[in-house]
């Protein structure tokens, strides 16, 4: 569908406006803060009424789990009316998950060409000889796809499934002829895939790709988005917005402090330790049994809910045993102790998100997992976010139109202190709360 808010415009510095497309919300937020220019995160695929968004619009197309053809349609729809002087960046998952082949093909349609760069050096995710490596280990030999129903692809070329792909090796990326090489590849109808091991490599790729012409698009990770952002900085080298990588300012003092609800919608092995660091400092932990979600939420039409006049699904019934959010910090998660039945994880995340939204009140939110974050905000009727900064890589602090503070974070990002760092950034006095070790299980 057209994206009406992206009319051609250049600011006084001559900088190009940017449209970035992501397949989930945590990826969209990560991309927005990496770009580091004023803008909005739009919860698409439908766009809002046209108004000033700033220099960048980052849209969550919400298509990670859609069939490939449907995901491609969403990409084509978002690009249908975008003028050639708007720089288009298609966010790619750094682990090559999602509908990468279909979405890249859709991005190629109507463009002069597309340059692919899938490295994310900040997390040790590099590309050499066209193969993604995690801390030096080839992706396809790791367990990084343990939550996926298929095996990881052995190379980016295999993930793209496109005979037009052409490898641009590391020595070529770092050579003086890179702009000419990319231009020749695009002119010949190839899809250049660039090796990269450092942010400096991504800077070279972004600069060379943009030199190929205004209608050349980019596909890559938030690392590539950061490289694009560095090209859009002010002449004195400073960013036009909150610098990526810096913690966003804490909301304390801006207004009445709201409760803080942490919703854990990921099965990452580090989550129990992360939650424990919060409960040891006084957070309340509500662990919901999957059977409770199945019986009380999934069977109450949560997957086919009524829709309100605003287009937002109406809240379903929720377990009576889960109270509204109270106190300073509450953690809501799925109890994995009994085991989660194969194939039910997606449904449970949806149910957890709706439960969180129903009980959130006016709480500020920490949402782990892109799908969880999107489902919670959909249920709350949030249609766009203003990015404020980054607490750690991928943990993006944003604000809703009504002033609620939200931190989104991909499920696999951050160390064992990730949730504690986020809670501390939002609530500077949190580590000094008395220890209570409170944990409640809804059975």
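The values are calculated or read from the model by the stated rules, or taken from the named source; none is laboratory data. This is a predicted model, so every value here is computed, not measured. Glycine gets a Cβ as well: all are built from the backbone with ideal geometry, and neighbour counts include every protein chain shown.
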Scan region 340-385 residue by residue and report those that are modelled with pLDDT of 90 or more, assigned to a loop (DSSP other than H, G, I, E, B) and in contact with a helix residue (DSSP H, G or I) (Cβ under 8 Å, 6 or more places away or on another chain). 360
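With the structure loaded, tell me whether residue 417 is surrounded by fewer than 21 Cβ atoms within 10 Å (Cβ to Cβ), in contact (Cβ under 8 Å) with a residue 40 or more places away in the chain and either touching a helix residue (DSSP H, G or I) at 6+ places or on another chain (Cβ under 7 Å) or at positive phi (or both) or whether it fails that test.
Spelling it out, residue 417 is indeed surrounded by fewer than 21 Cβ atoms within 10 Å (Cβ to Cβ), in contact (Cβ under 8 Å) with a residue 40 or more places away in the chain and either touching a helix residue (DSSP H, G or I) at 6+ places or on another chain (Cβ under 7 Å) or at positive phi (or both).
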Among the listed residues 147, 101, identify the single one that is modelled with pLDDT under 95 and surrounded by fewer than 19 Cβ atoms within 10 Å (Cβ to Cβ). 147
Going through (1) without any contact (Cβ under 8 Å) to a residue 60 or more places away in the chain; (2) on the phi < 0 side of the Ramachandran plot; (3) surrounded by fewer than 22 Cβ atoms within 10 Å (Cβ to Cβ) one by one, residue 173 fails only at (3)
In region 104-131, anything crowded, with 24+ Cβ neighbours inside 10 Å and either out of contact with any helix residue (DSSP H, G or I) (no Cβ under 8 Å at 6 or more places or on another chain) or farther than 23 Å from residue 186 by Cα (or both) is listed as 120
Residues of region 386-396 being at negative phi, in contact with a helix residue (DSSP H, G or I) (Cβ under 7 Å, 6 or more places away or on another chain) and either in the same structural domain as residue 43 (by TED's automatic domain parsing) or not in a loop (DSSP other than H, G, I, E, B) (or both), in sequence order, are 387, 390, 391, 392, 395, 396
Could you tell me whether residue 110 is in a loop (DSSP other than H, G, I, E, B), out of contact with any strand residue (DSSP E or B) (no Cβ under 6 Å at 6 or more places or on another chain) and modelled with pLDDT under 95? yes
Checked region 350-373 for anything surrounded by 24 or more Cβ atoms within 10 Å (Cβ to Cβ) and within 14 Å of the chain's Cα centre (by Cα); matches are 366, 367, 368, 369, 370, 372, 373
